1. Name the pairs: first residue in the stretch B:432-460 and free of Cβ contacts under 8 Å to residues at least 24 places away in the same chain, second residue in a helix (DSSP H, G or I), Cβ to Cβ under 7 Å, at least 6 apart or on different chains?
2. Can you name the strands (runs of 3 or more DSSP E) wholly within the stretch B:277-392 that have at least 3 residues being farther than 25 Å from B:Gly84 by Cβ and outside the structural domain of B:Leu237 (by TED's automatic domain parsing)?
3. Determine whether A:Ser196 is more than 23 Å from the chain's Cα centre (by Cα), at pLDDT 95 or above, within 25 Å of A:Cys99 (Cβ to Cβ) and in the same structural domain as A:Glu147 (by TED's automatic domain parsing).
4. With respect to A:Pro255, is the statement that it is more than 13 Å from chain B (Cβ to nearest Cβ), modelled with pLDDT of 95 or more and more than 18 Å from A:Ala223 (Cβ to Cβ) true?
5. Kindly check whether there is at least one residue in the stretch A:98-109 that is more than 14 Å from chain B (Cβ to nearest Cβ), surrounded by fewer than 20 Cβ atoms within 10 Å (Cβ to Cβ) and either in a helix (DSSP H, G or I) or within 15 Å of the chain's Cα centre (by Cα) (or both).
6. Within the stretch B:13-54, count every residue that is facing chain A (nearest Cβ under 9 Å), surrounded by fewer than 23 Cβ atoms within 10 Å (Cβ to Cβ) and either touching a Ser or Thr at 6+ places or on another chain (Cβ under 6 Å) or part of a loop (DSSP other than H, G, I, E, B) (or both).
7. Which one of the conditions (1) more than 14 Å from chain B (Cβ to nearest Cβ); (2) under 29 Å from B:Ala187 (Cβ atoms); (3) surrounded by fewer than 22 Cβ atoms within 10 Å (Cβ to Cβ); (4) not hydroxyl-bearing (Ser, Thr, Tyr) does A:Ala223 fail to meet, given that it meets all the rest?
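The values are calculated or read from the model by the stated rules, or taken from the named source; none is laboratory data. For clarity, every value in this text was computed on a predicted model and none was experimentally measured. Cβ placement follows ideal geometry from the backbone for every residue including glycine, while neighbour counts extend to all protein chains displayed.
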Amino acid sequence: MDRYILRKEDVNRWVEALARTQEVLAPTRVEKEIFFAPTQMAVDLNLLSGTATLPYLPAKDLVLPHSENLFHFTRKGGDYELTVPEEKKTAVVLGIRSCDTSGIYWLDKFYQENFSDCYYWRRRNNLILVTMACNQPVKNCFCVCCEGGPFLDSERDEFDIQLVDLQDSYLVECKSSKGKALIEANPKLFAKADPSAVKTREALEEKSRNSFQPDPTSYMSTAIRRITSNAVTPETWTELGEKCFDCGGCAFVCPCCSCFGVGYLNEGEKGCHYRFWDSCDYSGFTREVSGHNPRGEKGERFKRRFFHKLSYQYLKRDGRIGCVGCGRCITACPGEVGMPTVVERLRK
Amino acid sequence: MIKNTPTICSFCSCGCGMFVRTQDGEARGVIPSTTHPVSQGRLCHRGWNRFQNLRSVNRLVKPLVREGEGMKETGWNEALKLSGEKIKDLIGRHGPESIGVIGSPWLSNEDNYLVSLLARQVIGTKNLDGSYRFGAAAALSALNQLFGEGIGAVGSIPALKESPAVLVVGRDAHRDFSPVGSRVVQAFQQGAQIILADASAAKADHFYKTLIPVPADRLPAALAAKRDIPLGVLDLLGKPGAGLVFVADQLGPSASALALINYLIERRASAKDLPNLLALSRSPNLRGAWDLGIRPPAGGLNLEEMLAPESKVKGLLVFAEDLSVHLPKAALLEKLKKLDFVLWAGRFKNDTAKLAHVVLPLPLFAESEGTLTSCEGRIQLSRPALSPRGESRGLSEVLPELAQALGKSLPGGPAAAIRKEIGKAVPGYEKITGPEVESEAGALLAPPRLASAPPKSAVLPVLESADKFLLLIPNTLYAWERNRMIAESPVLYIEYQAERPALKMNLQDAKDFKFRPGEKAKIRSERGELQVALQADEGVPRRTLVLSSHFLNLVESVAGKGEIDPVTRSVYFPSLLVTVEKA
C-alpha cells in the first residue's frame, strides 16, 4: 500500500495526463442527472468528492450494460459468419463511490465462479477503479450496514486507487499495479503522504461512519436471522409483495444484481445476439413453458429476492450480503419497499 | 460512447421523464429522470424496457403498395401519387364523405393536428375519428360534458399522494400505472382512505380500506346506495384533493363515467375545489389526440359508423394504430377488409398493414420530435434519440405532400412551426408554443372550469340475482398484451401473456360445479348463449364470470349486439346476469 497526496488544483493536470493514453470517465451532468462520461479535463470536483452524490445508475453499467450486443451473424452460403463487437481500450473510472466499487467487486466474484463470462471480463479488465471515499453520506445511504463503505478498507483489493478528500488535497491510496501506472502518468503531482495524513483519514472515516442518519438498516442482522430461520410469515411477504409494482427498477439500479436475459434480433440474412438486464421481480423470470410459475405470486417473488440478498448469498456463498447499501432501490421503487423498509418490516 | 437523450416515455398516458441511452445508432437502455415531477426516478417495467422495442426488427422501413394478394416495396413519390389518385377517384365518384380518416393517441399533437386538417380542409370530410372510439371516447366525452372543449389539467399525479381519499376504479388503474399507483401507496402511508371498486377482484390489496365489488358501469348506483361501504369513507371523497383514478380505455359507457365523476364533484365541500381526476390510458397521447380534434365534428361519422355494413365510406386513411385489434365486432373487421381503399401509415408490420392498399412507414416517438399531452394535461416534448428507421418519414413531411397530390396544401415543416399553428387554432393549447413545453416538466394546460350547468345522467342499477352468475365483459380491446410495443420487447412479451379464449370462474365455484380443467360450460343470458372452456381462477370473486371483450365471437354469442352508448354512438358490452351449466 502506497499513500500519496494530490493537491486539488492538480487534479485536472492529472486527468489531462491520463486522458492522453486512455479514456477517463468522471461523473458528469446531463441535464440534472449524473452519468459517468468521458472527460479530457475540467472534472467537476463537487461531483467527484464532498457529499456523496451518486449517479442514478451504479458503475455496474460499465461492466454489465443495460443491453449489449454479444455477436453479429451474417449468412454466407450455407454457413454463418460471426463477428464479436470490438471492446474499447482501457478506461479509468474516476470518482466511483465506495458502494459502487464494492458492487463491482461483488459482480467480479459472480462472473468468475463456475463460468468466466468473457463479455463481462473483457470490459472489467479494461477498467481501472479510482474510488472516492465518502466523507459525508446522504439521506438514503446505508453502506455502513453492508460493508459497502463509506471508506473501503485499505487492505482489501476492491479498488485500484482510493481517494480521500482532505479538504485542499486528496489522500491517494494505491494498491494495484494498475493504480501505480496511473500515478506514474505524472508522478510529479504526487507527494508521499506523511503519517498525519493517515491519522486525518482515520478521523474522517470515523466521523463519516457516525454521520449516517438513524435508519432501520441497523436491524439488518435481525432481518438476516429471521429470514434465514424462516421466521417471516407468508402474510408478511404477501403484504410487502402487494406494494411491489414488478417494475424491475430495484434490480436494475442495484450494484450487486447480475441477472440478464438474452435475445436474437434477426433481419433476413443477418442479425445479432444480445443480452439485457432481467429482474427477479418479473413474473416471466421463472415461468415455465407449460405456463406454470413456481413464483407466480408477487409475495413469492419478493421473498425470493430478499432471501437471496440477505440469506442465501450471505450464508452459503460469499460471506457477505447481496447489498452494498447505496440506497438506490429507495429512489427507484414506486412501491416504497426498498431494502431499508423491507429490513425494518422483517424484524417485526 | 453512450449518449443520453432526455425525453418522455411513450408507453402510456402518465408521461414519465426518462433518458433514452443510445450507442452506435442503437437504443441500449433507459433511465428515469429523478427530477421529472411524474417519474421522480421511477419507471414501470414497460418504461424500463422501452429501449427493446426501439430495436424491433418488425418495423416498416419502406412504403408498400398492394399488388394482387401481396405487397410490394415502392418509393415515397409513387406511394403518395397512388394514394392521391385513389382518394381523388373516390371523391370524384362518391363525394368527400366516402373517405374516413382515423387519427391516433399514438401520434404526437403535431401529427394529429395535421391529420385533422387533412380530413377537414384537404379532403373535406367530416368522417374523422380516433382509434379510441370503443374505449376512452366514453370517458373523454364525459369530461367534455363537464368541462367543455379544452378539458384542461383535470388531474395531478404528484398531488395524489396528498389526497385524503382515493377511489381507484379497477385494480389495473393502480397496478399498471406505477407513477399513479406509487402515489396511491404514498397517500395510504400518510393515512388516506383508499377505496377499490372492482367486481372482478376476489380480494383487495392490504392498502385498500374498502372493496366495492361492483363493475364500473354500475358503480354510481352502488355509491349512491352506499353499498358495502363503511360510513365516513365516502365523506372523505368530498374533501379537497380527493382523487378518482380510472382507466379511461375501459370505463364506458359515457353516462356511467359522467355519473361517476359527477358523484365526486357533487360531494365536494367547497365550490372552488375540484377532485383530482386521473383518466389513465394505455396509449401515450390520448388527451392530445382528443383535444386536437380527432373525433367526428357535427354530422360526421364515427369509426363504428364508418365501418357499419350500410356505410357509404369507401376509403379509410388509418394512422399509427393497428385498427384490426380495436374493433369490437367481427362485422366491422369484415367491412374494413372490403373497403375500396385503405391507407395505413404506421410503424410496425401488422394485420391492418396486411389488408391496406398503401402502407407508409412512420418513425417512432423516439425517432422524431413532437409533443404529447399526458393524462394530467401536461404538454411535454418527446425528443428524438435515434434517426428514423429505414425510409420512414414523419407526417409533418408526408401529409403536405399527400395534400399536394390532392391539389391542396397543408402546413408542414419542423414540429415547432406546427406547434405555433396549434397554439393559435386549438382552444386551451396556447402554451404549446412557449418555452415551458421544452422544459423538463412541460407545460400544464389551464385549470379545468366546470360547465355552468353540469349535466346529469341516469345511473344503471346494480345487477343482483340470488340464482344467477354475474358475467363481466371487461373492455380488453386496448389491453397491454394487444399492444404492439409490448410484443416487440422480449422481456415484456414474456410478462404479458396472451389470454386464452376462456371464461374465468372462481376456483371454488368451479369445484362446486365439478368442472374439470378446460371443460366446457354453457352459459345463457337473455341475449344469447355460449359454450366455452372454463378457466378456474382464485382471483375471481364467487358467482362471477369474466369474459374478455376481444374474443369477439364468444362475446357476441352470449351478449348479442351489445348496447349502443348514445353519447359515443358506439357499441359496448354491459355486464349481464347468466345461468351456468355443464355443456
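1. B:Thr433/B:Arg419; B:Thr433/B:Lys420; B:Thr433/B:Gly423
2. Once the strands (runs of 3 or more DSSP E) in the stretch B:277-392 are filtered for at least 3 residues that are farther than 25 Å from B:Gly84 by Cβ and outside the structural domain of B:Leu237 (by TED's automatic domain parsing), what remains is B:370-373, B:378-382.
3. no
4. When the stated conditions are applied, A:Pro255 passes them.
5. Yes, the stretch A:98-109 contains at least one residue that is more than 14 Å from chain B (Cβ to nearest Cβ), surrounded by fewer than 20 Cβ atoms within 10 Å (Cβ to Cβ) and either in a helix (DSSP H, G or I) or within 15 Å of the chain's Cα centre (by Cα) (or both).
6. 6
7. (3)
Every residue, every condition in (1) more than 14 Å from chain A (Cβ to nearest Cβ); (2) modelled with pLDDT of 95 or more; (3) part of a loop (DSSP other than H, G, I, E, B); (4) surrounded by 22 or more Cβ atoms within 10 Å (Cβ to Cβ), yes or no:
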| position | (1), (2), (3), (4) |
| --- | --- |
| B:Ile194 | no, yes, no, yes |
| B:Asp217 | yes, no, no, yes |
| B:Ile229 | yes, no, yes, no |
| B:Leu244 | yes, yes, no, yes |
